[in-house]
Amino acid sequence: MSQPKLSLSGISKSFPGVRALDDVSLELYSGEVTALIGENGAGKSTLVKTLTGIYHPDEGEIRIDGEVVTLTSPHSAFELGITAIHQETVLFDEMSVAENIYLGHAPKTRFGTIDLRAMHSKAKTVLEGMGAGHIEPATLLKELGIANKHLVAVARALSIEAQIVIMDEPTASLSHKEIEDLFVLIEHLKSEGKAILFISHKFDEIYRIADRYTVFRDGGMVGKGLLADSPQNEIIQLMVGRSVDQIFPARDSSIGEQVLSVSQLSHPTEFHDISFELRQGEILGFYGLVGAGRSEVMQALFGFTRPSRGQVRLDGKPVNLKSPADAIKAGIVYVPEERGKQGVVADLPIFQNVSLPSLHEISKNGFLQLANEFALTREYTERLDLRASSLSQHAATLSGGNQQKIVIAKWLATRPRVIILDEPTKGIDIGSKAAVHEFMGDLVGQGLSVVMVSSELPEIMGMSDRVIVMREGKIIAEHINDETLDAATLLRDAAGIEEVAA
Amino acid sequence: MSEQKTIMRHIPDRLDSPLHSAIFSWQTLLLTVAIGIFVINSFASPYFLDPWSLSDATFNFTEKALIALAMALVIISGEIDLSVAAIIALASTMMGIALQFGADTPVLVVVGLLSGLVCGAFNGLLVTGLGLPSIVITIGTMSFFRGISFIVLGDQAFKGYPIDFAYFGQGYVWWVISFEFVLFVVSAIIFYALLHKTNFGRQIFVIGNNPIAAQFSGVRVGRVKFLLFCLTGLMSGVAAILLTSRLGSTRPSIASGWELEIITFVVLGGVNILGGAGSILGVVIAAFIMGMVTFGFGLQNVPGIVMSVFTGALLICVIALPIVVRRFRKGAIE
C-alpha cells in the first residue's frame, strides 16, 4: 500500500461562527476499509459532504491517485468515481430498482431513449454479482426494506464503477442479520480493490470490518493508524479527549411495587398478545430485531396507535389511553426513535420544545409565563448537561445527542411515572450516550420506571434489570438480567435460530 | 465548540436582546414600507391627509383584515381556508332570508355569526375528520357555500335592512373613528394575545412546524385545527355582517375574490405560507399597507385592474423575497 487512492490534506471549512473542519487530513487505500470515528459534531458529515462535492473546502487539497482534483459539484465527484451510501439512503421510492441503479447513466437505445431491457438485464447482473440476486430490477424501490435499499445503493456504486465508496453509518437502521450481509458485501468490495470510508458509532463493527482508522474531534484530525495495533480504549480516548472509565454506570436502585401492567395487548397486524409488568425503579429492556413490533407496542401504550384488544393498568387501575395527551396525563411518556420527526420541533427554540407538554402546568389561565418556561427548561436541560449557546437557540442547530437531551428534558419536566425510551442512543455520539445511560440510572434511583427499547446488545445487557425479547410481534422470552444471561441467548431468541456463531 | 467543558454549565435564556431581534424583523421592514407609502401618498394627492379621507381609507381593509387575523392562525397551523369569501356570501344570504321573516337587528347579527360558525365547523370537520388537505376541502366548500347563495338568490338581491342595522358598516364611534375600525383594533389585540401569549397560540406554532411531534407531545392537533376553522368561519360571519350593513344589500356575488386578498394580507404580513411562523402585528401592518395603496391608487384614478396587477406582483415578491435572500446567504456561505 504505497500510494493512497484518495488523500486529503490541510482541508479546512468554516461556516459562520463554526470551524467545521480544521486542517484535516485523511487517506483511503485501495482494497482497504478506513473507519472514520468521532463524536457527533466532530466534522464527519462535513467531510462526507466535501468528498461528494456538496461543500467546497476553503483550504487544502484533494488528490486521487496522487493527482490534485477539484470537486465542484456532486456530479464531478460522481465522474471521479466517488460515491456515497448514506444513513438514510437517498434513492427514489417511486422508481424501480433498475432505474435507481442507472439513474443518470442508463443504457440508451439508438434513438436516444432509455433501453429498458438492457438496463434491467445489466441491473440483474450487478445485483447477482454482489449476491443480491433476490432483488428484482423491476420492483419499485418503496416495496423494499431498508436493508435491501442499501443493497441497491451499493449496486448503484458498483454500476458506475466507483473506486471510492463512502458509507455513512450504513448499519444504523439494520438488524443484526442484515449487518452481517452488508459486511459480506463490503469484503466483496474490498476484494475488488475499492477504497472504502466507513463511518460508524459502533466499535464492534469497526473492529470487525475496518483495516485503518482516522479519528476526528471538534473538526480536527486527532489520530490515525492501523486498527490491529490500537486497542478500543485508546481510540475512545482520542475521540472524547478524556477517559471513559465505565461505559455503563453501576447503580443500586431498589425495585419496588408493580406500576404498570399490560395484559394481552393486541393489534390487527403489528403485535399479538403482549403481556408484561413493570415495577417501580426498574429498567425493563425490550430486545429484538428491527421490525419485531417493539416500537408499535410502545406507541400503543402511549396512545398513539389504538390496540384492538387488551388492557393497560397503572397502579392497578385500568387506564384508557386514546391519545398521547391521555398517556401523558396518566404519567406515561415516550421518547421516540425518530427524533427529528417525532421528537423535537426543529424550528422552534429549545425552551418551547421543553415546555410544550407542561404548558398547562406552568401557565396562568391559559396565558404563557415565559419566566416559568425558562426556569423549567433550565432546570431539566442543565441536569442533562445540554450543550447549547442559549435556550432560545433553535433545536435544529443542535447535534443529535443534544436534541435527544431536549426530548428527555421535555418528558422529565412532566414528572412522569413511566418513561419509555425507544432506541435512546441510536445515532448519537459516545459522550452523549454515556450521559443518557447515566441519567437512566438516576431516573430509576428517583423511583421512576423505565422501558427501554434497544437493538444494541451491550446497551440492553448493560442497563436492563429484566429483558423481554420480541420477535414477529410476539414476546418470545423474558430473562432476569444476571450473570447467567449471555448475549448469545438473547440473539438466538431474537433471531429465532438454534445456534448462533456469536 | 469550546474546549472548556464544565460539569454544570449555565445556559443563558437568549443571546440577542429583544430590541436587536425587533429591529431586524419583518415587521420593522413592513412598518418602513408603510411609512414610505404614507409619505408618497401625502405628496401625491392633497386630499390624502384629510382625516375623513383617511377614515374612508380604512373601509378598504377592515372587513378583510378581520378575517385575515383568523386566517393567519390557520395558515400558521399549516392549513388554509379558501372558503372565507363564500362564507360571507352564505352568511349574508342567511341574514337576508331571516330579514324576509321579519328579523330585527339583534336576530340578524346572531344569524350572521351562527352561519359563519357553522360553515367554519363544517370545514373543520371535513379537514380533521377525513384527514384531507384543507386546500382541497375548502376549494370544494368555496363552490358549495357560494352555490347555495346563487340557488337562493339567482339574479335577485335582498334589500331593506333595518335602519339601525346600518350602524355596523356605516356608523362612527367617535368623530372620524368608525365602528368597523374600532372592531378591527380590538380584534387585532385579542388575536395578538391569543397567538403570542397563550398556550393555544403556542400549540398553533408547534403544529405548523411539526404536527407529528406535536401529537407525540400531547397536543390535540385535530381539536386545535377544528377550533381554528370555526374561528375563521366566525370571523367571516362578522365580516358578512359589516359588509352587508355597509352595502345595505345582499347579492350572491358579494365579496367575490376576497379570499386571495385576505391571503395576500397574511403572507405580506410575514406569515410563512407553509406554516409554522408569523405574527399578528405583521398582518395588521400589511392590512394598513394594502388599504393605503388601494386608497392612494383610487385618488390617482388608477383603474381597479391595475390594482389587481399590483397585488399579484406584490404577492409573488413577498413570497419569493425571503427565499431568494436565504438562498443568496447560503450561497455566500458555501
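The values are calculated or read from the model by the stated rules, or taken from the named source; none is laboratory data. Keep in mind the model is a prediction, meaning the values are calculated, not measured. Note: ideal-geometry Cβ built from the backbone for every residue, glycine included; neighbour counts use all protein chains shown.
Worth pointing out:
- In this entry, A:Lys410 passes the filter for residues that are within 24 Å of A:Lys433 (Cβ to Cβ), within 11 Å of chain B (Cβ to nearest Cβ), charged (D, E, K, R) and assigned to a helix (DSSP H, G or I).
- Segment B:244-259, residues that are part of a helix (DSSP H, G or I) and surrounded by fewer than 23 Cβ atoms within 10 Å (Cβ to Cβ): B:Arg246, B:Leu247, B:Trp258
- When A:Gly340, A:Gly366 are checked against the criterion of being in contact with a helix residue (DSSP H, G or I) (Cβ under 8 Å, 6 or more places away or on another chain), surrounded by fewer than 22 Cβ atoms within 10 Å (Cβ to Cβ) and either among the acidic types (Asp, Glu) or more than 24 Å from A:Thr305 (Cα to Cα) (or both), A:Gly366 stands alone in meeting it.
- Residue check, A:Glu59 more than 14 Å from chain B (Cβ to nearest Cβ), in contact with a strand residue (DSSP E or B) (Cβ under 9 Å, 6 or more places away or on another chain), of a type in the set (Asp, Glu) and buried (at least 16 other Cβ atoms within 10 Å of the Cβ): no
- Residue match in segment A:422-441 (condition: more than 21 Å from the chain's Cα centre (by Cα) and in the same structural domain as A:His272 (by TED's automatic domain parsing)): yes
- B:Ser21 in a helix (DSSP H, G or I), of a type in the set (Ser, Thr, Tyr) and within 14 Å of another protein chain (Cβ to nearest Cβ): yes
- In the set B:Gly96, B:Gly78, only one residue is assigned to a helix (DSSP H, G or I) and either of a type outside the set (S, T, N, Q) or closer than 30 Å to A:Leu348 by Cβ (or both); that residue is B:Gly96.
- A count restricted to segment B:174-220 and to residues that are more than 7 Å from chain A (Cβ to nearest Cβ), free of Cβ contacts under 8 Å to residues at least 40 places away in the same chain, polar (S, T, N, Q) and farther than 15 Å from B:Ile76 by Cα stands at 0.
- B:Ala286 being more than 27 Å from B:Phe165 (Cβ to Cβ), within 14 Å of another protein chain (Cβ to nearest Cβ), within 19 Å of the chain's Cα centre (by Cα) and surrounded by 12 or more Cβ atoms within 10 Å (Cβ to Cβ): no
- Flag for A:Glu99 being within 14 Å of A:Val152 (Cα to Cα) and acidic (Asp, Glu): yes
- Just one of the listed residues (A:Gly31, A:Gly53) is in contact with a helix residue (DSSP H, G or I) (Cβ under 8 Å, 6 or more places away or on another chain) and within 14 Å of another protein chain (Cβ to nearest Cβ), namely A:Gly53.
- Answer residue from segment A:460-469, given it is outside any strand (DSSP E or B) and buried (at least 23 other Cβ atoms within 10 Å of the Cβ) and is nearest to the chain's Cα centre (by Cα) among those: A:Ile460
- Residue selected from segment A:290-305 under the condition more than 17 Å from A:Lys426 (Cβ to Cβ) and among the hydrophobic types (A, V, I, L, M, F, W, C), by the criterion farthest from the other protein chains (Cβ to nearest Cβ): A:Val297
- In segment A:446-462, the residues that are in contact with a helix residue (DSSP H, G or I) (Cβ under 8 Å, 6 or more places away or on another chain) and within 24 Å of A:Asp315 (Cα to Cα): A:Val450, A:Val451, A:Met452, A:Val453
- Residue within segment A:306-319 that is buried (at least 20 other Cβ atoms within 10 Å of the Cβ), at the interface with another protein chain (Cβ under 9 Å from one of its Cβ atoms) and touching a strand residue (DSSP E or B) at 6+ places or on another chain (Cβ under 9 Å) present: no
- Of all residues in segment A:173-208, those satisfying the criterion of being among the aromatic types (Phe, Trp, Tyr) and modelled with pLDDT of 85 or more are A:Phe183, A:Phe198, A:Tyr207.
- Conditions (1) closer than 20 Å to B:Gly78 by Cα; (2) surrounded by fewer than 23 Cβ atoms within 10 Å (Cβ to Cβ): number failed by B:Ser308: (1)
- Subset of segment A:311-367 (residues that are touching a residue at least 60 places away in the same chain (Cβ under 8 Å) and within 24 Å of A:Leu391 (Cβ to Cβ)): A:Ile328, A:Val333, A:Tyr334, A:Val335, A:Pro336, A:Arg339, A:Gly340, A:Gly343, A:Val344
- Of all residues in segment A:480-493, those being surrounded by fewer than 20 Cβ atoms within 10 Å (Cβ to Cβ) and closer than 29 Å to A:Ser200 by Cβ number 8.
- Selection count where residues are outside any helix (DSSP H, G or I) and of a type in the set (S, T, N, Q), scope segment B:133-192: 2
- Residue tally, condition closer than 16 Å to A:Arg212 by Cα, of a type in the set (Ser, Thr, Tyr) and modelled with pLDDT of 90 or more, over segment A:1-45: 5
- Residue count for segment B:260-281 satisfying the condition of being within 11 Å of the chain's Cα centre (by Cα) and in a loop (DSSP other than H, G, I, E, B): 2.
- Test: residue in segment A:413-433 that is facing chain B (nearest Cβ under 9 Å), touching a Ser or Thr at 6+ places or on another chain (Cβ under 6 Å), of a type in the set (S, T, N, Q) and in a loop (DSSP other than H, G, I, E, B): yes
- Residues within segment B:29-46 that are surrounded by 11 or more Cβ atoms within 10 Å (Cβ to Cβ) and not in a helix (DSSP H, G or I), tallied: 1
- Among the candidates B:Ser236, B:Ser245, B:Ser256, the residue that is within 19 Å of B:Ser92 (Cα to Cα), more than 14 Å from chain A (Cβ to nearest Cβ) and modelled with pLDDT under 95 is uniquely B:Ser256.
- For A:Ile196, the test of being farther than 30 Å from A:Ala292 by Cα, touching a helix residue (DSSP H, G or I) at 6+ places or on another chain (Cβ under 7 Å) and either without any contact (Cβ under 8 Å) to a residue 24 or more places away in the chain or not in a helix (DSSP H, G or I) (or both) is passed.
- Residue list for segment A:47-85, restricted to those being without any contact (Cβ under 8 Å) to a residue 60 or more places away in the chain and either within 25 Å of the chain's Cα centre (by Cα) or closer than 16 Å to A:Ala153 by Cβ (or both): A:Lys49, A:Thr50, A:Gly53, A:Ile54, A:Tyr55, A:Pro74, A:Ala77
- Qualifying residue in segment A:90-98 (condition: surrounded by fewer than 17 Cβ atoms within 10 Å (Cβ to Cβ) and of a type in the set (Phe, Trp, Tyr)): yes
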